[in-house]
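Note sheet for the following structure.
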Amino acid sequence: MSDSLVILGSQWGDEGKGKVVDLLTTDFDYIVRYQGGSNAGHTVIIGDKKYALHLIPSGILREGKKNLITNGVVIALEELVAEMEKIKDVVDNFEGRLYISDRAHIVFPYHKLLDQLSEQSKKGSKVGTTLKGIGPAYMSKYGRTGIRIADLFEPTYFKERLKNAVEEAKKIAENVYGVKTDLDTQKIYDETMGYFEKIAPLVADTSLMLYNAMEKGEKVLFEGAQGTMLDIDMGTYPYVTSSNSSALGLCNGTGLPPKLVGKATVWGVSKAYVTRVGAGPFPTELKDRHGELLRERGHEYGTTTGRPRRTGWLDLVALRFASRINGFDGLVITKLDVLDGLDEVKVAVAYEIDGKVVKDFPASPVELEKCKPVYKTLKGWKKSTYGLTDKSQLPEEALQFIKTIEEETKIPVVMVSTGAERNQYIWL
Ligand code: GDP
Ligand code: IMO
Ligand code: MG
């Protein structure tokens, strides 16, 4: 493995990235969140304590590590400050442990409002966003009306930009959605500056920091948020998030050159089955008792929104696609234990669309809705894999399941997770 490692979601998010990043953090100097925002919910369980991280990298729970929120992340300051408060029992001083990019864009209350109004106004095609203002915040960024952390050091400049942005948001709310709002520039300004005071000492040029660190050979762990199939360019558009949540987001999200990022090892995290929160195509979705069983056994309810997650069999067409897009060097299969005790386990190896067998993931949502999975049925394992830590303990059928994933994707499975806790995993 090279000095740097990228951990990415290979599916539609919630693959267990937080758990994997937390356990691997011990081998790294820097842990980096580079895209998305508080739409992410990364769970780390340590003993009887459960931490849900939204903006802060999952490496924060270990001492002596530098955690970076880089320029590609959109930050709601009130949420960042609340999150820091929630982990105060583990981190009493964030200085030297958490760094926030001066180039990161800010999510303001009007972004959250516009997210809500946009979702409400969509008739049959709601995305089912987390309502965290992510889409509108990236719209501001790309529309060049966004406000960055660096701007907060210049109060006059910030206020002027904020005034324009609030006026624009009010007009959109009123003229597009017919909703009169009480958005108030002064109030937002005061609140923002209040939160900013608490994080100002943590602001840094994270692009420069990372460049220097990687040039020196220090070890960097990149923590993806969301998953490849939610990527704005390569995912199941328009049912996606608004950032590049695949490996494609690494350069623009960190400000690192491709040749440095390209040296990193890339591992994709995939559940042993599939879940999806929100709307959009999901070829292997199970709407029967099997789907219900997976949801209950896997506790499949959103970390950020509490919504029940849709569930289905492992989709190797999507995983093959994710492996290609991201250039995976290895796969981490999580929640193997959730499949314990089933008579049979299915994996999709192709789709059938209008009678034709397709092995490549289609672009069109209309085609995707027509996809019928072509399943390979494997024998289930009747033993518990929960909490196992050694490959030799795995049932033969579970090993066969892993082998099938490797054969279909041509990517080695490097690790299997057998429970939510830190120490419940197996190196393969
Ligand atoms: P993330 O967004 O990719 O970090 O994933 P989430 O934290 O949103 O969702 C994964 C859920 O599965 C969390 O509740 C984890 O505690 C839990 N989890 C992670 N790995 C395992 C595993 O191997 N087995 C079981 N049973 N639960 C796991
Ligand atoms: P983590 O990092 C699962 C989904 C939403 C919705 C779509 C767009 O925990 O894996 P957004 O609020 O981003 O505009 O919503 O993306 N979504 C996630 N689903 N895990 C996530 O993050 C997600 N972040 C966004 O449910 O379908
Ligand atoms: Mg999550």
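Worth pointing out:
- Restricting attention to the range 222-238, the residues being touching a Leu at 6+ places or on another chain (Cβ under 8 Å) and either of a type in the set (Ser, Thr, Tyr) or surrounded by fewer than 24 Cβ atoms within 10 Å (Cβ to Cβ) (or both) number 4.
- Considering residues of the range 35-53 that are in a strand (DSSP E or B) and more than 20 Å from residue 276 (Cα to Cα) only, the residue nearest to ligand 1 (Cβ to nearest atom): 45
- Only one entry of 298, 302, 312 meets the criterion of being closer than 18 Å to residue 16 by Cβ, assigned by TED's automatic domain parsing to the domain that holds residue 361 and either polar (S, T, N, Q) or more than 16 Å from ligand 3 (Cβ to nearest atom) (or both), and that entry is 312.
- Test: residue in the range 57-72 that is within 16 Å of ligand 3 (Cβ to nearest atom) and farther than 21 Å from residue 423 by Cα: no
- Qualifying residue in the range 255-269 (condition: in contact with a Ser or Thr (Cβ under 7 Å, 6 or more places away or on another chain) and within 16 Å of ligand 3 (Cβ to nearest atom)): yes
- Pair list, Cβ under 6 Å, 6 or more apart: the range 296-310 residue of a type in the set (Asp, Glu), other residue buried (at least 16 other Cβ atoms within 10 Å of the Cβ) and in a loop (DSSP other than H, G, I, E, B): 300/309
- Test: residue in the range 88-99 that is away from ligand 1 (no atom under 16 Å from the Cβ) and under 21 Å from the mean Cα position of the chain (by Cα): yes
- Residue 4 fulfils the conditions (1) away from ligand 3 (no atom under 16 Å from the Cβ); (2) surrounded by fewer than 24 Cβ atoms within 10 Å (Cβ to Cβ) except for a single criterion, (2).
- Checking 23, 68 one by one, the residue that is more than 16 Å from ligand 2 (Cβ to nearest atom), part of a strand (DSSP E or B), in the same structural domain as residue 233 (by TED's automatic domain parsing) and in contact (Cβ under 8 Å) with a residue 40 or more places away in the chain is 68 and no other.
- Complete set of residues in the range 263-315 that are more than 13 Å from ligand 1 (Cβ to nearest atom), among the hydrophobic types (A, V, I, L, M, F, W, C) and touching a Phe, Trp or Tyr at 6+ places or on another chain (Cβ under 9 Å): 264, 266, 279, 282, 286, 313, 314
- Within the range 292-316, the set of residues being aliphatic (A, V, I, L, M) and closer than 12 Å to residue 274 by Cα comprises 294, 314, 316.
- Filter result for the condition that a residue is in contact with a strand residue (DSSP E or B) (Cβ under 8 Å, 6 or more places away or on another chain), assigned to a helix (DSSP H, G or I) and more than 18 Å from residue 304 (Cα to Cα), over 100, 60: 60
- Restricting attention to the range 239-278, the residues being within 9 Å of ligand 2 (Cβ to nearest atom) and either without any contact (Cβ under 8 Å) to a residue 40 or more places away in the chain or farther than 30 Å from residue 378 by Cα (or both) number 6.
- Top-ranked residue of the range 367-412 - restricted to ones that are aliphatic (A, V, I, L, M) and over 25 Å from the mean Cα position of the chain (by Cα), ranked as surrounded by the most Cβ atoms within 10 Å (Cβ to Cβ): 398
The values are calculated or read from the model by the stated rules, or taken from the named source; none is laboratory data. The structure presented is a predicted model; accordingly, all values stated were derived computationally and were not measured. Using ideal geometry, Cβ is built from the backbone for each residue, glycine included, and neighbour counts are taken over all protein chains shown.
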